[in-house]
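The values are calculated or read from the model by the stated rules, or taken from the named source; none is laboratory data. All figures in this text were calculated on a predicted structure; none of them were measured in a lab. As a convention, Cβ positions derive from the backbone with ideal geometry for all residues, glycine included, and neighbour counts pool all protein chains shown. The accessibility values were calculated without ligands, DNA or RNA, using every heavy atom of the protein model including side chains. Shrake-Rupley method; radii C 1.70, N 1.55, O 1.52, S 1.80 Å.
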Amino acid sequence: MIGEDHAMDLRGATVLVPGATGGIGRALAAALAERGGRVVLTGRRTDVLEPLAERLGGRAIKADLAERGAAERLLDEAGRVDVLVANAALPASGLLDDYTISEIDRALDVNLRAPIVMAKLAGAQMAGRGRGHLVFVSSLAGKTASGHASLYNAAKFGMRGFALALREDLRPHGVGVSTVFPGFIRDAGMFADAGVTLPKGVGTRTSRDVARATVRAVEKNIAEIDVAPLGLRLGARLGGIAPVLSAAVQRRAGGQRVARGLAEGQRGKR
């Protein structure tokens, strides 16, 4: 879906990229800088963050978005933000019963609450200037539910609804809102880190594909972009219109084995 207006020129724009220390975050930062953005990179690992910011001619700000008040402090320190790319995320696969209450809070704080708070603060700046763009890096798990991922689905479904509604609210103020939905990314991110083998025929994409889609979303004000092969995109669509059928298809295709593998591979990063 192409926006009616609010296309954004990244040249000279200040672009805030939380979660810049992961593989997808690094690809996003590089792509945005290549388009002329002045990147402000945030994350918990300064050993990765600072050299990356130096290489891209940007700024580095250490931030842990699982801490209450961190999102507010980050936006205050970042100053003027023309584009926000909300990319920071924590793993949240697995059965709900396997999570402690503090792990639930941490997952929801990073995956949903922090993007909402950052969007509120940055969006108010942008609306006041009549220009800007908010991007939420989500997942196909925000379009179709699957077993062993109830907490992750909750955050990503919530993000999608929030972004679509916020897009309408900010449209009269000259601010665009986009959501990017990666599928399985083979060279970076949670799937790559977990080392899970996919069923035969299930395709993947790369972190550069996610970065290119994000740049396109900003520059053309596209509401939603899926970054996945056709089969997964169709599966996500089926999950939206026929969730019970989608669950049965996933079971037959080995989806629960993949979900269990993701949960086990990501357990230490909750």
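A few remarks follow.
- Here P115 meets each of (1) at pLDDT 95 or above; (2) touching a Leu at 6+ places or on another chain (Cβ under 6 Å); (3) open to solvent by less than 10 Å² (accessible area, probe 1.4 Å); (4) not hydroxyl-bearing (S, T, Y) with one exception, condition (2).
- Residue check for A92: buried (at least 23 other Cβ atoms within 10 Å of the Cβ) and touching a residue at least 40 places away in the same chain (Cβ under 8 Å): yes
- Within the stretch 214-251, tally of residues that are open to solvent by 60 Å² or more (accessible area, probe 1.4 Å) and out of contact with any Asp or Glu (no Cβ under 8 Å at 6 or more places or on another chain): 11
- Single residue of the stretch 139-159 satisfying the filter (touching a Phe, Trp or Tyr at 6+ places or on another chain (Cβ under 8 Å) and open to solvent by 10 Å² or more (accessible area, probe 1.4 Å)) that is farthest from V215 (Cα to Cα): L151
- Taking the stretch 159-270 as the region of interest, the helices (runs of 4 or more DSSP H) fully inside it that hold 1 or more residues being under 23 Å from A13 (Cα atoms) are 207-220.
- Test: S207 is open to solvent by less than 40 Å² (accessible area, probe 1.4 Å) and more than 21 Å from I24 (Cβ to Cβ): no
- Condition check for E103: of a type in the set (D, E, K, R), open to solvent by 10 Å² or more (accessible area, probe 1.4 Å) and within 29 Å of R257 (Cβ to Cβ): yes
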